[in-house]
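Nothing in this text is a laboratory measurement; each read-out follows from the coordinates by a stated rule. What you are looking at is a predicted structure, and each value in this text was computed from that prediction instead of being measured. All Cβ positions, even for glycine, are placed from backbone atoms using ideal geometry, and neighbour counts span all protein chains on display.
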Amino acid sequence: MTVAIETGLWQLDPAGSTVAIAHRTMWGLVTVKGTFGGVTAEGEIRPDGRAHGVVTLDATSLDTKNAKRDEHLRGSDFFDAENNPTLAFAVDDAVVRQDDSVDITGRLTVRGESRPQAITARVTESSTDAVSLTTEFTVDREQFGMGWNQLGMIRGRTTVTATLAFTRTPA
């Protein structure tokens, strides 16, 4: 199927959306997983089919099912949520391809550090007033000042997995 996504303004449907991370720790023996409960997003599809917008995560909403670890992740060694309460992905351009993949370019901002990020998403559902995208990509946390690595336990990249459901805002 080739999707034609309607022009206009779009808002995230939080009930149908999730953003999660996974990172291997303990010298690669354990994978820590977490989900951000506070996710918002908005965007615009232009008449030429291109899109722009922003996805914002509440840094304090990360839940790894371990309160002590979550507190550490919110602290200055990692997200520094007190000084940087949000993480954001600003979409500069998104283009839907014939195979329903979406090439997305933008800037990821974590801890006040902003870096270019290109990802590929897939349109999993679409209608006149709703669209859902899924994606998985990796991030080098050290590029964002998160170099804490006691005894070399944390190496490699963090995997981000997202399902984002949007509804079109009535004109």
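Let me spell out the model: positive unit charges on the Cβ of Lys and Arg, negative unit charges on the Cβ of Asp and Glu, origin at the Cα centre of the chain. What dipole size does that give, in debye rounded to 20?
Numbers: 17 positive and 23 negative charges, 128 e Å.
Roughly 620 debye, rounded to the nearest 20.
Could you go through region 97-104 in sequence order and give the Karplus-derived ³J(HN,Hα) for each residue, using 6.51 cos²θ - 1.76 cosθ + 1.60 with θ = phi - 60°, rounded to whole Hz, and x for Gly and Pro?
Here the 3J(HN,Hα) series is 9, 4, 8, 6, 7, 10, 8, 10 Hz.
Name the residue from Ala88, Leu57, Phe144 whose Cα lies farthest towards the positive end of the charge dipole of region 8-168, charges +1 on Cβ of Lys and Arg and -1 on Cβ of Asp and Glu.
The Cα lying farthest towards the positive end belongs to Phe144.
With unit charges on the beta carbon (Lys/Arg positive, Asp/Glu negative), name the residue among Phe78, Thr18, Val102 whose Cα is farthest towards the positive pole of the charge dipole of the chain.
Checking the options against the dipole of the chain, the answer is Phe78.
Using every alpha carbon pair in region 8-168, what percent of pairs falls into each 10 Å bin from 0 up to the bin containing the largest distance?
Over region 8-168, the share of Cα pairs per 10 Å bin runs 10, 40, 32, 15, 3, 0 percent.
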